[in-house]
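Here is the structure we will look at, set down as structure tokens.
The values are calculated or read from the model by the stated rules, or taken from the named source; none is laboratory data. Because the structure is a prediction, the values reported are computed rather than measured. Every residue, glycine among them, receives a Cβ derived from its backbone with ideal geometry; neighbour counts consider all protein chains shown.
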Amino acid sequence: MSKLHVTTTVNGDEVEYLCDPRETLLDCLRDKLNLTGAKEGCGTGDCGACSVTVDGRLVCSCLMLGVEADGKQIETVEGIADGDVLHPLQKKFIEYAALQCGVCTPGVLVAAKSLLEKNPDPTEEEARYWLAGNLCRCTGYDKIIRAVMDTAAELREAS
Amino acid sequence: MDYHSPASFAEASALAENATGITRFLAGGTDVLVQLRSELVTPDTLIDIKKIDGVHDVTRNADGSWTLGVAVTGAEMSEHPELGRDWPGVVEAMDLIGSTQVQGRATLTGNLCNGSPAADSVPAMVAAGVTLSVTGPGGTREVAVEDIPTGPGRTSLVRGEVISAVNIPARGENGGDAYQRFIPRTEMDIAVVGVGVNLRLDGDTIAEARVSLGAVAPTVLLVKDAARAIVGTALDDAALEALAAAASAACNPIDDKRGTIEFRTEVAGVLAKRTAKVAYARAKGEQA
């Protein structure tokens with residue numbers, strides 16, 4: 001079976017890979033581009049650990065084929081920090097200790113960034129609904145929500 | 001698995017007609033990829049319809065009706081400034097499916113073609129009188145939503161046929177629709193019972209109605225007896241009781257740990273009443 005050639009943009013950089021049509025975008029990010037931030041938790045779109053944005057839209061990369069990424073703009077957790085300078089969300093996650101084992105954290109950060117870009121002033125309920133597709137197996141939800149809400153407040157003050 | 005991304009529905013149809021083995025069309029992929037990954041269904045031919053012109057468009061036509069492309073996602077429906085004003089029931093039903101991430105990919109057409117009796121958007125579409133444009137080897141035909149599912153995981157579409165557009169009728173004056181479901185938890189679960197109601201008022205009296213039930217039979221049901229129970233009434237208590245009785249009478253559910261036959265049958269009546277009240281309030285122009 002011949003592989004398919006894909007050209008896409010990941011975190012602002014144009015990249016190319018060859019993939020089998022059955023491989024998911026998550027497989028391609030991790031195994032071909034060595035971007036291992038996105039995790040495979042469930043592989044069925046339930047846990048959100050593989051969250052990325054595609055043309056600005058939050059999706060599970062396990063529910064999208066690598067070949068579908070052709071010509072798209074992909075953003076992953078690796079693109080959130082600016083070099084060594086952490087994004088305000090990342091700083092707050094450290095400050096609030098909003099992670100325990102850390103497997104869900106890349107997906108939560110991508111999803112939370114997507115939320116704040118769409119809605120800079122979410123209510124706690126809106127934040128909880130938005131992040132409902134990001135499961136934390138350590139059940140540390142409260143600190144995650146507090147970190148997101150505080151980041152939102154800080155970003156609003158800064159703007 | 002061969003992957004194709006045709007540029008037209010005619011080409012998609014021809015690919016499917018000439019393919020051997022298992023063929024699947026790929027829209028949002030939230031069911032197709034899960035089935036692929038779990039090795040439930042491994043297609044020999046996968047036809048991605050997202051590169052066809054117009055499949056991402058939400059269009060209000062001159063007569064007030066709507067045409068939705070088959071790759072329009074739940075998130076795009078919810079974000080549309082006008083669609084939810086005309087058809088809040090259809091939009092809220094789609095919006096109940098899955099997480100933010102799933103909403104970014106999932107489509108009405110995929111929800112329908114997956115063939116689940118518990119698909120949330122399907123009762124809402126049936127109540128709204130939605131039709132599908134179906135493109136096949138012989139051209140394009142228009143099919144009512146309720147004529148697509150034939151049983152769990154099965155549809156009436158034949159080899160070489162692909163849904164090419166979703167057609168939602170004009171809302172018109174004094175109309176309202178709603179969808180509600182029962183699930184054992186508060187969010188992100190599969191319906192144990194779902195009810196869609198769409199109605200039009202003449203003053204306080206219901207002039208027309210369509211009532212649809214999900215998850216209580218092998219397919220989503222259009223329940224004409226339930227509509228008859230409320231047409232000609234102002235949705236008074238007697239009409240609501242008749243509606244509930246007709247909805248419960250139409251049930252032929254499975255019995256499982258998520259809901260027994262008795263429970264699903266009872267809840268279908270209760271939810272039919274609640275959903276009809278919301279649709280009625282919306283038809284009166286009230287917030288509900």
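A few comments on the model shown:
- Top-ranked residue of the stretch A:112-159 - restricted to ones that are closer than 19 Å to B:Ile97 by Cα and not in a helix (DSSP H, G or I), ranked as nearest to the chain's Cα centre (by Cα): A:Asn134
To keep it simple, each residue is scored yes or no on (1) over 17 Å from B:Thr73 (Cα atoms); (2) crowded, with 19+ Cβ neighbours inside 10 Å; (3) at pLDDT below 95.
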| position | (1), (2), (3) |
| --- | --- |
| A:Asn11 | yes, no, no |
| A:Pro21 | yes, yes, no |
| A:Lys32 | yes, no, no |
| A:Asp55 | no, no, no |
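- Selected residue (criterion: farthest from A:Leu109 (Cα to Cα)) from residues of the stretch A:67-89 that are of a type in the set (Gly, Ala, Ser) and more than 16 Å from the chain's Cα centre (by Cα): A:Gly71
- Residue, farthest from the other protein chains (Cβ to nearest Cβ), within the stretch A:50-104, restricted to residues that are without any contact (Cβ under 8 Å) to a residue 24 or more places away in the chain, aliphatic (A, V, I, L, M) and out of contact with any strand residue (DSSP E or B) (no Cβ under 7 Å at 6 or more places or on another chain): A:Val85
- Scanning the stretch A:106-133 for residues that are among the β-branched types (Val, Ile, Thr) and in contact with a Gly (Cβ under 9 Å, 6 or more places away or on another chain) returns A:Val108, A:Val110.
- Filter result (among the hydroxyl-bearing types (Ser, Thr, Tyr) and touching a helix residue (DSSP H, G or I) at 6+ places or on another chain (Cβ under 6 Å)) within the stretch B:67-101: B:Ser78, B:Ser99, B:Thr100
Let's see how each residue does on (1) of a type in the set (Gly, Ala, Ser); (2) at pLDDT 95 or above; (3) not assigned by TED's automatic domain parsing to the domain that holds B:Thr73:
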| residue | (1), (2), (3) |
| --- | --- |
| B:Pro6 | no, yes, no |
| B:Ala10 | yes, yes, no |
| B:Leu15 | no, yes, no |
| B:Ile22 | no, yes, no |
| B:Gly28 | yes, yes, no |
| B:Val32 | no, yes, no |
| B:Leu36 | no, no, no |
| B:Leu40 | no, no, no |
| B:Leu46 | no, yes, no |
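- Checking B:Gly110, B:Gly115 one by one, the residue that is over 25 Å from B:Ala209 (Cα atoms) and touching a residue at least 12 places away in the same chain (Cβ under 8 Å) is B:Gly110 and no other.
- Complete set of residues in the stretch A:1-24 that are closer than 20 Å to B:Gln101 by Cα and facing another protein chain (nearest Cβ under 10 Å): A:Thr24
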